[in-house]
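Undergrad: Got a structure here, written out as structure tokens. Questions coming.
The values are calculated or read from the model by the stated rules, or taken from the named source; none is laboratory data. Just so we're clear, the structure is a prediction, and the values are computed from it rather than from any experiment. Every residue, glycine among them, receives a Cβ derived from its backbone with ideal geometry; neighbour counts consider all protein chains shown.
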Amino acid sequence: MRNSNEKPVLKRIAIKAECCFTTPALIGSGLSENTDNDILRDKNDNAFLPGSTVAGVLKETVSDARMLFGEGNISPLWVFDAELIDSNDRAAEVIELDGVELDKVNKTAIDSKKYDYEAIETGSKFTLRLLLTIREKKSAEDFEDSLINIISALKSGYVAFGAKTRRGFGTVECNSAVKREFDLANGNIKELNDWIDFEWDTGSWKNVDGGTFFDKSEAITAKLSLTGSIMIRDTRNIYDDLPSNGTVPDYKHISSNGKPVIFGTSWAGAFRSGLYRLLESAYPGKAKKYLDSVFGYVYKKKEDGKEESEPSEIIFDSSFLKKSNPRENGYRSVTRVKIDRFTGGAADSALFTEMPWYGGETTLRIRYTKGREDIRELILLGLDGLNKGIIQIGGESSVGRGFFEVIEVSGAAGSVDGPKLELKTALENFKIGGVQE
């Protein structure tokens, strides 16, 4: 029997999708020369997005398109590597980010749990190039529909590439996609010549419209107002957005591509810590097991030292802070000093300047596994804790930073638009799923 890949080509479809990263992307190389986890680079030392990464994500995200990625045969869909560029068409900027694991009870850093990693900066642009080869008439329609559904998924805003995608990294925005088709059946000489002369940057392209994408998650979106200031330290970008007097702060609230941000890692850590404190009092000895099952975990086995892990069933998107009052909101330079508690005077070498972000609003989108009502209730409980000041974001909460007011909560399956939801107000009404006994 002849292999399906030896059959004559009936049709080829080429697609270009113009995309960009709306949050930093962690396309890791597995190396640790510059940081604990370096990004993947090409021979010119520039970051790029490998086709294998794109194919793997699309295969898992669009379930009805798996047939395009090969099932015992060579994949009929070719996915090309993508060059990453910035807004000025130069090589995409690579930044360094810090991370630390915090104690779930008191939010202090755990020893030896500090790490750093490289990321591709927010706003980096790339062109996804897909080429579909069709060899059988019976599969042509299904193949084409699945290809269009992939584009629909890319346009949905729910696709992300790289690591920590369940914490808001690597999210992709695709505003436009175009295609060219080549009908090569029945000795079509003109189409064959067009294919022979095909180049990605020339020719007549048509817009790609339609398609369906059914996300596997449900979403809750909260509009939040920062009641004071917030500080998640970023020592890399302290020269951005400096005050007119040119003072260089020792610390500055983190930003991405010049915009103040709260990454999904910060949201997830704060919610997990706050919910643990709430639930442990109501369900002694059971809160950790339940929260591990929801937020994911990585354990190192004592017997062989190998790691056992489980992915999170909650996805926290990153949130960018916006000014609600241009005259009052934004970065401010603050000088502080540590006071000697015995003398009441300033401690030696303890004067420092920092630049928190004050006021403004942000939107937090949290997605969770569809059908898990207990997780939905858990998220609402967390938002209620945030609204009441039980959960704070970032550091320096002891001086009033990181407190938010929840203005509005909405949610519907696969959409940020939907019916307004009521915040959870009574802990006793919440039941830990599956571990009450």
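Undergrad: May I ask you to verify whether Tyr368 is among the hydroxyl-bearing types (Ser, Thr, Tyr) and farther than 27 Å from Tyr290 by Cα?
TA: Taking the combined requirement at face value, the residue does not satisfy it.
Undergrad: Starting from region 124-152, take each residue that is under 22 Å from Pro8 (Cβ atoms) and list its partners that are of a type in the set (Lys, Arg) and part of a loop (DSSP other than H, G, I, E, B), counting only C-beta distances under 8 angstrom and pairs at least six apart or across chains.
TA: Final answer for the pair search is Arg135/Lys7; Glu136/Lys7.
Undergrad: Moving on. Which of the numbered conditions does Arg166 fail, given that it passes all the others? Conditions: (1) surrounded by fewer than 17 Cβ atoms within 10 Å (Cβ to Cβ); (2) outside any loop (DSSP other than H, G, I, E, B).
TA: All conditions are met except number (1).
Undergrad: Would you confirm whether any residue within region 172-193 is over 23 Å from Phe80 (Cβ atoms), surrounded by fewer than 21 Cβ atoms within 10 Å (Cβ to Cβ) and among the aliphatic types (A, V, I, L, M)?
TA: Yes, region 172-193 contains a residue that is over 23 Å from Phe80 (Cβ atoms), surrounded by fewer than 21 Cβ atoms within 10 Å (Cβ to Cβ) and among the aliphatic types (A, V, I, L, M).
Undergrad: If a residue has to be in contact with a strand residue (DSSP E or B) (Cβ under 7 Å, 6 or more places away or on another chain) and buried (at least 20 other Cβ atoms within 10 Å of the Cβ) to count, how many in region 376-394 make the cut?
TA: Result for region 376-394: 6.
Undergrad: For Lys223, only one of the following conditions fails: (1) at pLDDT 90 or above; (2) of a type in the set (D, E, K, R); (3) closer than 30 Å to Lys137 by Cα. What is its number?
TA: Checking Lys223 against (1) at pLDDT 90 or above; (2) of a type in the set (D, E, K, R); (3) closer than 30 Å to Lys137 by Cα, the one that fails is (3).
Undergrad: To continue, here is another question. Exactly one condition in (1) modelled with pLDDT under 90; (2) part of a strand (DSSP E or B); (3) among the basic types (Lys, Arg) is not met by Arg129; state its number.
TA: (1)
Undergrad: Output the number of the condition that Ala350 fails; it satisfies all remaining conditions of (1) assigned to a loop (DSSP other than H, G, I, E, B); (2) touching a strand residue (DSSP E or B) at 6+ places or on another chain (Cβ under 6 Å).
TA: Unmet condition: (1).
Undergrad: Which of the numbered conditions does Val435 fail, given that it passes all the others? Conditions: (1) at pLDDT 80 or above; (2) β-branched (Val, Ile, Thr); (3) not assigned by TED's automatic domain parsing to the domain that holds Glu328.
TA: (1)
Undergrad: What is the number of the single condition among (1) under 24 Å from Lys323 (Cβ atoms); (2) in a helix (DSSP H, G or I) that Val261 does not meet?
TA: That leaves (2) as the condition not met.
Undergrad: Can you name the residue in region 336-394 that is polar (S, T, N, Q) and free of Cβ contacts under 8 Å to residues at least 60 places away in the same chain and is also farthest from Gly258 (Cα to Cα) among such residues? Break it down into steps so the answer makes sense when it comes.
TA: Filtering region 336-394 for residues polar (S, T, N, Q) gives 343, 349, 353, 362-363, 369, 387, 392.
Retained after the next criterion (residues that are free of Cβ contacts under 8 Å to residues at least 60 places away in the same chain): 343, 349, 387.
Values: Thr343: 42, Ser349: 30, Asn387: 27 Å.
Checking each candidate, the answer is Thr343.
Undergrad: What number of residues within region 279-313 are small (Gly, Ala, Ser), in contact with a strand residue (DSSP E or B) (Cβ under 6 Å, 6 or more places away or on another chain) and modelled with pLDDT of 85 or more? Before the answer, list the steps.
TA: Taking region 279-313 as the starting set, the residues that turn out to be small (Gly, Ala, Ser) are 281-282, 285, 287, 293, 296, 305, 309, 312.
Filter once more, so that each one left must be in contact with a strand residue (DSSP E or B) (Cβ under 6 Å, 6 or more places away or on another chain): 296, 309.
Checking which are modelled with pLDDT of 85 or more leaves us with 296.
Within region 279-313, residues that are small (Gly, Ala, Ser), in contact with a strand residue (DSSP E or B) (Cβ under 6 Å, 6 or more places away or on another chain) and modelled with pLDDT of 85 or more number 1.
Undergrad: When you scan region 203-210, do you find a residue that is in contact (Cβ under 8 Å) with a residue 40 or more places away in the chain, on the phi < 0 side of the Ramachandran plot and hydroxyl-bearing (Ser, Thr, Tyr), even just one?
TA: Scanning region 203-210, I find no residue that is in contact (Cβ under 8 Å) with a residue 40 or more places away in the chain, on the phi < 0 side of the Ramachandran plot and hydroxyl-bearing (Ser, Thr, Tyr), so the answer is no.
Undergrad: If I ask for residues that are in contact with a Phe, Trp or Tyr (Cβ under 8 Å, 6 or more places away or on another chain) and modelled with pLDDT under 90, which ones from region 378-398 would you list?
TA: Of everything in region 378-398, just one residue is in contact with a Phe, Trp or Tyr (Cβ under 8 Å, 6 or more places away or on another chain) and modelled with pLDDT under 90, namely Ser397.
Undergrad: Also: For the subset of region 47-67 comprising residues that are at pLDDT below 90 and of a type outside the set (Asp, Glu), which member is nearest to Gly162 (Cα to Cα)?
TA: Thr61
Undergrad: Could I ask something else about it? Has region 178-194 got any residue that is within 27 Å of Ala25 (Cβ to Cβ), in contact with a strand residue (DSSP E or B) (Cβ under 6 Å, 6 or more places away or on another chain) and not in a strand (DSSP E or B)? Explain how you work it out, then say what you get.
TA: Of all residues in region 178-194, those within 27 Å of Ala25 (Cβ to Cβ) come to 178-179.
With in contact with a strand residue (DSSP E or B) (Cβ under 6 Å, 6 or more places away or on another chain) added as a condition, the list becomes 178-179.
Next, from what is left, pick out any that are not in a strand (DSSP E or B): none.
Within region 178-194, not a single residue is within 27 Å of Ala25 (Cβ to Cβ), in contact with a strand residue (DSSP E or B) (Cβ under 6 Å, 6 or more places away or on another chain) and not in a strand (DSSP E or B).
Undergrad: Among the residues of region 204-220, how many are at pLDDT below 90 and outside any strand (DSSP E or B)?
TA: Of the residues in that region, 8 qualify.
Undergrad: Follow-up. I'd like to check something: does region 80-93 contain any residue that is closer than 30 Å to Gly402 by Cβ and modelled with pLDDT of 85 or more?
TA: yes
Undergrad: Restricting attention to region 316-347, and to residues there that are among the charged types (D, E, K, R) and in a strand (DSSP E or B), which single residue is surrounded by the most Cβ atoms within 10 Å (Cβ to Cβ)?
TA: Here is the first cut: in region 316-347, the ones among the charged types (D, E, K, R) are 317, 322-323, 327-328, 332, 336, 338, 340-341.
Okay, now just the ones that are also in a strand (DSSP E or B), so 322, 336, 338.
Values: Lys322: 12, Arg336: 14, Lys338: 12.
Filtering first and then ranking leaves Arg336.
Undergrad: Looking at this structure, is Lys179 modelled with pLDDT of 95 or more, farther than 26 Å from Leu97 by Cβ and of a type in the set (Lys, Arg)?
TA: Here the answer is yes, as Lys179 does meet what is asked.
Undergrad: Is it the case that Leu31 is among the aliphatic types (A, V, I, L, M), over 20 Å from the mean Cα position of the chain (by Cα) and in a loop (DSSP other than H, G, I, E, B)?
TA: Working: among the aliphatic types (A, V, I, L, M): yes; over 20 Å from the mean Cα position of the chain (by Cα): yes; in a loop (DSSP other than H, G, I, E, B): yes.
Here the answer is yes, as Leu31 does meet what is asked.
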